[in-house]
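One structure is given here, and the rest of the page talks about it.
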Amino acid sequence: MLYPLIRELLSLEPLSQSVTVRGWVRTKRELKNLTFIEVNDGSCFSALQCTFDREKGLGAETAGTLDSITTGASVEIQGLLVPSPAAGQKAELAAGGIVLVGGAPAEDTGSTAAYPLQKKRHSLEFLREIGHLRARTNTFGAVMRVRNRLAFAIHQFFQDRGFVYVNTPIITTSDAEGAGAMFQVTTLDLGELAKSGRAPDYSKDFFGKPGFLTVSGQLEGETYAAALSRVYTFGPTFRAENSNTARHLAEFWMVEPEMAFANLADNMDLAEDFLKFLFARVRAECDEDLRFFDAHIEKGIIAALDQVIHAKFTRVSYTDAVAELEKHKDKFEFPPYWGCDLQSEHEKFLTGEIACGPVIVTDYPKEIKAFYMKQNDDGKTVRAMDVLVPRLGEIIGGSQREENLERLEQRITESGMKTEDYWWYLDLRRYGTVPHSGFGLGFERLIQYVTGMANIRDVIPYPRSAGQADF
Ligand code: ATP
Ligand code: MN
């Protein structure tokens, strides 16, 4: 039998029942004859307060163990679950016995450095250097619980709507969509190659040609949508982004639904329903964690989420959005003009200052979007959509796909690529082609938006970015 977690203990009516709690010591305080130990096991935000009453005569062994307890130690504490006299907690443990499972020295012992998480607050930068321990802090515990609920809710949303979960490949031999620089995967001995001075012979490489880590599962996702009607992927993607921004990782998780017989309007509806569903699930299931983010990370985030759940997302064409931005030219480092790629500052202005909420921008110039997007009749724009949110900018990028063979071939050639390389993708347009649409949601951007965490490195257990993959 699994032992009860603190979240389970705290959901019980305190009736002086005997229970044992297991976890890590957050704090120990002494007050007259009382010793208070806060134990957290990560199952919920709250710690369980365990109160030892020295006057009631703790055994010599318990008293001795208590003295050796320090912040960070793992413990097992037995006692009675009783109503708590303290404000803000329903129950506490009237503790009887304690076992020290694993110590955590408060000071350098010579062989072991002092436990690094003893202060009440640590900077996020410092915590990034101890990625293996930061999950033991309030902030990272809360982020990871929210991340977990969101992952579950993503599956729930799609499963309830007839979408089939497909796993698209992580290793690919086609430079899929040019969405970003790719990481190469090879078994060739680079050291030997460098010594020999010869060019690599990829016929001798593992796949008989160059291999890469995927930047998106979309193209393969489309092949399954053309068979199962509605599919989604949810997996890791890799981009050798050299930009050191607070919104880009080299390894991140992406959710990519793809729907047959769906146009851009259907796609926008799905994206909007999807985000609102996810926000509503987090509001319903992560209240304690959200209250922490609201108080300590991003003030007003709960009210903002509530507002977004009930508001209609603003929908605007790229052309109209740029016209609006041009009225505020002087506010930007990069002046907006028709044809420009929207900068993060433009996206933030549209969402924060103009719409005061999420905005879906559609019909971008074809030159700044991928080759597979459906062309509009104006010959200039494509059926693209980006969902932008306040504080962050782009959270979703998607489009209606070009289902016409000739037009798609023409776009591949125009983009400087070879139609032969996309023979299987073009086959979808040769055999039973259908209008279809889909999008990609960056999972970490979603978590950033919901938690208010400013840096994307702080919403994934082990961030990978240029020059950084130690933890
Ligand atoms: P951006 O302009 O912000 O770099 P993009 O246009 O390259 O985004 P897409 O190729 O449309 O993004 O990918 C779909 C989604 O994946 C984006 O909307 C975003 O949420 C997320 N995303 C893209 N690149 C990254 C990255 N390097 N790290 C984390 N998430 C990312
Ligand atoms: Mn990008």
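The values are calculated or read from the model by the stated rules, or taken from the named source; none is laboratory data. In this text, all values refer to a predicted model and were calculated from it rather than measured experimentally. Neighbour counts are summed over all protein chains in view; Cβ atoms, including those assigned to glycine, are modelled from backbone coordinates with ideal geometry. Only protein heavy atoms, including side chains, enter the accessible area calculation; ligands, DNA and RNA are left aside. Shrake-Rupley method; radii C 1.70, N 1.55, O 1.52, S 1.80 Å.
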Any chance residue 144 is in a helix (DSSP H, G or I) and aliphatic (A, V, I, L, M) | yes
Which is over 32 Å from the mean Cα position of the chain (by Cα) and open to solvent by 60 Å² or more (accessible area, probe 1.4 Å), of 22, 29?
-> 29
Within the range 125-169, count every residue that is small (Gly, Ala, Ser), touching a Lys or Arg at 6+ places or on another chain (Cβ under 7 Å) and surrounded by 14 or more Cβ atoms within 10 Å (Cβ to Cβ).
-> 1
Residues of the range 406-434 being open to solvent by less than 50 Å² (accessible area, probe 1.4 Å) and not in a helix (DSSP H, G or I), in sequence order, are 434
Quick check: is even one residue across the range 414-426 among the polar types (S, T, N, Q) and within 16 Å of ligand 2 (Cβ to nearest atom)?
-> no
Tell me which of these residue 394 doesn't satisfy, since it passes every other one: (1) buried (at least 20 other Cβ atoms within 10 Å of the Cβ); (2) in a strand (DSSP E or B).
-> (1)
Among (1) open to solvent by 60 Å² or more (accessible area, probe 1.4 Å); (2) touching a residue at least 24 places away in the same chain (Cβ under 8 Å); (3) not in a strand (DSSP E or B) - the single one residue 108 does not satisfy | (2)
Considering the range 32-61 alone, what residues qualify as being among the polar types (S, T, N, Q), under 20 Å from residue 121 (Cβ atoms) and open to solvent by 30 Å² or more (accessible area, probe 1.4 Å)?
-> 46
Is it the case that the range 317-336 has a residue that's open to solvent by less than 50 Å² (accessible area, probe 1.4 Å), closer than 30 Å to residue 152 by Cα and assigned to a helix (DSSP H, G or I)?
-> no
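Has the range 363-376 got at least one residue that is polar (S, T, N, Q), part of a helix (DSSP H, G or I) and without any contact (Cβ under 8 Å) to a residue 24 or more places away in the chain? Quick ask: steps written out before the conclusion?
Within the range 363-376, the first condition is being polar (S, T, N, Q), and the residues that meet it are 375-376.
From the residues that got through so far, the ones that are part of a helix (DSSP H, G or I) too are none.
Scanning the range 363-376, I find no residue that is polar (S, T, N, Q), part of a helix (DSSP H, G or I) and without any contact (Cβ under 8 Å) to a residue 24 or more places away in the chain, so the answer is no.
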Please identify the pairs in which a residue from the range 202-228 that is over 15 Å from residue 424 (Cβ atoms) and open to solvent by 10 Å² or more (accessible area, probe 1.4 Å) has its Cβ atom under 7 Å from the Cβ atom of a residue that is among the hydrophobic types (A, V, I, L, M, F, W, C) and not in a loop (DSSP other than H, G, I, E, B), counting only partners at least 6 apart or on another chain.
-> 212/185; 213/171; 213/185; 213/238; 228/164
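Determine whether residue 166 is of a type in the set (A, V, I, L, M, F, W, C), in contact with a Cys (Cβ under 8 Å, 6 or more places away or on another chain) and at pLDDT 95 or above.
So residue 166 does not fit the description; no.
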List every residue pair whose Cβ atoms lie under 6 Å apart, where the two residues are 6 or more positions apart in sequence or sit on different chains, the first residue falls within the range 306-329 and is over 20 Å from residue 269 (Cβ atoms), and the second residue, located anywhere, is open to solvent by less than 50 Å² (accessible area, probe 1.4 Å) and in a helix (DSSP H, G or I).
-> 325/346
Can you name the condition, by its number, that residue 396 falls short on among (1) modelled with pLDDT under 95; (2) within 12 Å of ligand 1 (Cβ to nearest atom)?
-> (1)
Within the range 229-246, how many residues are open to solvent by less than 10 Å² (accessible area, probe 1.4 Å) and either touching a residue at least 60 places away in the same chain (Cβ under 8 Å) or among the acidic types (Asp, Glu) (or both)?
-> 3
The range 239-250, subset under 14 Å from the mean Cα position of the chain (by Cα) and farther than 13 Å from residue 467 by Cα, residue farthest from ligand 1 (Cβ to nearest atom) | 246
Subset of the range 261-275, residues touching a helix residue (DSSP H, G or I) at 6+ places or on another chain (Cβ under 9 Å) and surrounded by 21 or more Cβ atoms within 10 Å (Cβ to Cβ), comes to 262, 274, 275
Within the range 365-374, is even one residue touching a Gly at 6+ places or on another chain (Cβ under 6 Å), farther than 18 Å from residue 274 by Cβ and either within 13 Å of ligand 1 (Cβ to nearest atom) or not aliphatic (A, V, I, L, M) (or both)?
-> yes
Of all the residues that make up the range 340-364, how many are in contact with a helix residue (DSSP H, G or I) (Cβ under 7 Å, 6 or more places away or on another chain) and open to solvent by less than 30 Å² (accessible area, probe 1.4 Å)?
-> 11
Every residue from the range 435-459 that is outside any helix (DSSP H, G or I) and either within 16 Å of ligand 1 (Cβ to nearest atom) or within 10 Å of the chain's Cα centre (by Cα) (or both) | 437, 438, 439, 440, 441, 442, 453, 454, 455, 459
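Considering only strands (runs of 3 or more DSSP E) fully contained in the range 1-89, which possess at least 3 residues that are of a type in the set (Ser, Thr, Tyr)?
17-31
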